[in-house]
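Taking it in order: structure first as structure tokens, then the write-up.
The values are calculated or read from the model by the stated rules, or taken from the named source; none is laboratory data. Every value quoted in this text rests on a predicted model; they were computed, and no experiment measured them. Cβ coordinates were reconstructed from backbone atoms using ideal geometry, including for glycine residues, and neighbour counts include every protein chain displayed.
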Amino acid sequence: MAAMRASAPVQAQSSEVIGPEHPEHPEHRLYTQIARGVHRLDAEAGRTPDAASARMIARLMPLAREQGFRRVDHVVLSRHIGLVEQGEHVFLVQGRLDDPGHKRAFITTDEATATPVADSLRRLDEANARRRRQRRGRGEDGTD
């Protein structure tokens, strides 16, 4: 996932710029949760994680933050139902899949795999900046 290092700069204790795959990055936990789900999808499809997987992971991170997720428990693909094709959308789920009250968000799989990592990480930074401004406006300390 070397492509993830190109953006969303955070300084490690050394002078190296790190991305969300690095344990010191503030979004590492979210990255790990989403990466686990995307890599499971890859394995189910008989694929080895690749650049498309990295782009999907990166694109799902800002989606999770924009939709107010605290964690991502599942990453699933759409099923063929009506006009929606199998795998046309990728869903993030917070909560149990069988719980009608779970939180979910989705985008097209094409968008998730086509968006450059740098664009997605920039969008993640913007989503986090919005969250911080909203918390300051409500007088919250910003910790999850």
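Per the listing Ala64, Ala52, the residue uniquely over 22 Å from Arg29 (Cβ atoms), among the small types (Gly, Ala, Ser), touching a helix residue (DSSP H, G or I) at 6+ places or on another chain (Cβ under 9 Å) and not in a loop (DSSP other than H, G, I, E, B) is Ala52. When Arg133 is tested against (1) under 16 Å from the mean Cα position of the chain (by Cα); (2) modelled with pLDDT under 95; (3) more than 15 Å from Pro20 (Cβ to Cβ); (4) not small (Gly, Ala, Ser), just one condition goes unmet, and that condition is (1). Among the residues here, Arg96 does not qualify as in a helix (DSSP H, G or I), over 19 Å from Ala58 (Cβ atoms) and of a type in the set (D, E, K, R).
Looking only at residues in segment 22-63 that are in contact with a Pro (Cβ under 9 Å, 6 or more places away or on another chain) and among the small types (Gly, Ala, Ser), the one that is surrounded by the most Cβ atoms within 10 Å (Cβ to Cβ) is Ala58.
The residue that is farthest from Asp50 (Cα to Cα), among those in segment 79-99 that are modelled with pLDDT of 95 or more and loosely packed, with under 13 Cβ neighbours inside 10 Å, is Asp99.
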